[in-house]
1. How big is the accessible area of W51 in square angstrom, nearest 10, if you roll a 1.4 angstrom probe over the protein chains?
2. Summarise the accessible area of the range 58-177 (1.4 Å probe, protein heavy atoms) by the percent that is carbon and sulfur.
3. On the full set of protein chains, 1.4 Å probe, figure out the accessible area of Y133 and give it in Å² to the nearest 10.
4. On full extension of the chain, what length is gained from F168 through W134, given 0.36 nm per residue of separation minus the C-alpha to C-alpha distance?
5. At 1.4 Å probe size, put T55, T130 in order of accessible surface, largest to smallest.
6. Kirkwood Rh over Cα pairs of the range 62-171 into Stokes-Einstein at 10 °C, 1.306 mPa s: D in µm²/s?
Amino acid sequence: MIDNPKCLAAPAILAVLLVASQPASAAARLSPQHEARLGMCIRDAAGGRGWLEKTLWGLRDQEAGWIGAEVHNSNGSHDLGPLQINSFWVPRLAVLTGRPARDIRFWLINDPCFNVQAARWIFLLALSATGDYWKAVGAYHSPTDRRQRRYAASVSRHLAHRFGSRVFAIDSSVAQP
């Protein structure tokens, strides 16, 4: 038996430091608390528009980010937070909000509701520019047509998985003239 408490504390402190320096595990990133908080942010950002709420969930499921995410891309940019907002958007969001870019970056990484609101804005900006839902979904990811099509197809699969294959089917009782 070890009588010196300092000998017991050193390995415990080392273990904590090693765990803290490692990236979060997938289980920690996608905890029920994380998803519930993100769900609240998505509902708020959608403002009662079911199609927009579903779209944001589709983007979230495709991006698979997490609170605290800062993923380095090969082009030098970073994907930030739960909906993986590309750092390309930071300067533009800073101008729109009148806040410093460092604050925007911090909020995109650490504030799930700010992250979701930014994703909503980016998607709706693309929808306004293209006038086409699936083109806007693709434009959320890339300016390149080929990559947009691939991305939109993947998001549609995520939507079908989460909400069923008739995710955007028109309810005939609502569509009556």
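1. Accessible area, nearest 10 Å²: 100 Å².
2. 54 percent
3. 50 Å²
4. Result: 11.0 nm gained on full extension.
5. T130, T55
6. Rounded to a whole number, D works out at 108 µm²/s.
The values are calculated or read from the model by the stated rules, or taken from the named source; none is laboratory data. Here the structure is a predicted model, which means the values were calculated and not measured. Calculation scope for accessible area: heavy atoms of the full protein, side chains included, ligands and nucleic acids excluded. Shrake-Rupley method; radii C 1.70, N 1.55, O 1.52, S 1.80 Å.
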